[in-house]
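The structure appears below as structure tokens.
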Amino acid sequence: MKGEDMVAELMRIAAVTAPKSMGLDFIEVKICTPDEMALIANEMLALGKEKGTQNWDRDAKGIEKAGGLVLIGLLPHKGVGLNCGACGFATCAEFNNASHSGEFSGPNCMLRLMDLGIALGSAAKTAQMHNVDNRIMYRAGAAARRLGFMKSNVIMGIPLSVSTKNIFFDR
């Protein structure tokens with residue numbers, strides 16, 4: 001087993017055991033195969049061309065060079081009942097009746113998005129504790145979502161690399 005595979009499993013554990021708002025879990029984790037990584041890199045290139053925006057190709061090259069990829073997402077969910085308005089709606093009832101879709105689906109409850117952030121941070125910290133280079137990538141998650149790899153509203157990718165130089169920060 002290569003280092004990236006071992007650390008990817010530890011990252012999965014870190015993400016699923018990270019604290020969650022109200023003790024409810026809406027976090028989804030997937031460890032990608034090399035074939036899935038190639039599909040995601042190709043989809044990132046396609047998205048970049050469609051959107052006409054920069055850096056999709058740069059990040060796709062990072063996925064192509066990576067030795068592993070962990071996807072972490074936020075599953076569909078209802079508002080938690082606080083009526084805080086952080087989602088852009090006055091009440092959780094309004095939030096619960098709204099929907100939109102683009103690169104990601106929503107709306108998403110601010111507390112659930114914080115859960116996603118904590119899971120991402122826990123996973124990235126775990127990789128770093130084992131000296132495995134990583135970077136949280138929005139574009140990898142958008143491509144994985146478009147490919148239907150997960151059921152999540154929002155997905156982020158964390159590619160992994162064990163090399164003499166961090167390939168994700170050589171820009």
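Below, the figures for the structure above:
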| item | result |
| --- | --- |
| Pick from the stretch 148-164, criterion among the aliphatic types (A, V, I, L, M) and part of a strand (DSSP E or B), ranking: nearest to MET110 (Cα to Cα) | VAL154 |
| Candidates MET37, MET114 - the one that is within 21 Å of PRO159 (Cβ to Cβ), modelled with pLDDT of 95 or more and not charged (D, E, K, R) | MET37 |
| Test: residue in the stretch 127-135 that is surrounded by fewer than 19 Cβ atoms within 10 Å (Cβ to Cβ) and not in a helix (DSSP H, G or I) | yes |
| Residue match in the stretch 76-97 (condition: surrounded by 13 or more Cβ atoms within 10 Å (Cβ to Cβ), closer than 26 Å to SER161 by Cβ and of a type in the set (Gly, Ala, Ser)) | no |
| Residues satisfying the stated conditions in the stretch 67-88, i.e. in a loop (DSSP other than H, G, I, E, B) and either under 30 Å from ARG12 (Cα atoms) or basic (Lys, Arg) (or both) | GLY67, LEU75, PRO76, HIS77, LYS78, GLY79, VAL80, GLY81, LEU82, ALA86, CYS87 |
| Qualifying residue in the stretch 64-71 (condition: touching a Cys at 6+ places or on another chain (Cβ under 6 Å), touching a residue at least 12 places away in the same chain (Cβ under 8 Å), under 27 Å from THR164 (Cα atoms) and not small (Gly, Ala, Ser)) | yes |
| Qualifying positions in the stretch 14-37 - of a type in the set (A, V, I, L, M) and surrounded by 14 or more Cβ atoms within 10 Å (Cβ to Cβ) | ALA14, ALA15, VAL16, ALA18, ILE27, VAL29, ILE31, MET37 |
| Residue within the stretch 89-97 that is of a type outside the set (Val, Ile, Thr), within 27 Å of MET22 (Cβ to Cβ), in a loop (DSSP other than H, G, I, E, B) and touching a helix residue (DSSP H, G or I) at 6+ places or on another chain (Cβ under 9 Å) present | yes |
| Among the residues listed as GLY121, GLY141, the single one being at pLDDT 95 or above, surrounded by fewer than 19 Cβ atoms within 10 Å (Cβ to Cβ) and either under 25 Å from LYS65 (Cβ atoms) or among the hydroxyl-bearing types (Ser, Thr, Tyr) (or both) | GLY121 |
| Single match in GLU4, GLU64 (criterion: at pLDDT below 95, assigned to a helix (DSSP H, G or I) and surrounded by 14 or more Cβ atoms within 10 Å (Cβ to Cβ)) | GLU4 |
| Residue under evaluation ASP59, criteria (1) among the charged types (D, E, K, R); (2) closer than 24 Å to MET11 by Cβ; (3) surrounded by fewer than 19 Cβ atoms within 10 Å (Cβ to Cβ), criterion not met | (3) |
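Condition check ((1) under 18 Å from MET114 (Cα atoms); (2) polar (S, T, N, Q)) across all residues:
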residue: ASP5; (1), (2): no, no
residue: LYS20; (1), (2): yes, no
residue: ASN55; (1), (2): no, yes
residue: ALA60; (1), (2): no, no
residue: HIS77; (1), (2): yes, no
residue: CYS84; (1), (2): yes, no
residue: ALA90; (1), (2): no, no
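The values are calculated or read from the model by the stated rules, or taken from the named source; none is laboratory data. Remember, predicted model here, so these are calculated numbers, not experimental data. Cβ coordinates were reconstructed from backbone atoms using ideal geometry, including for glycine residues, and neighbour counts include every protein chain displayed.
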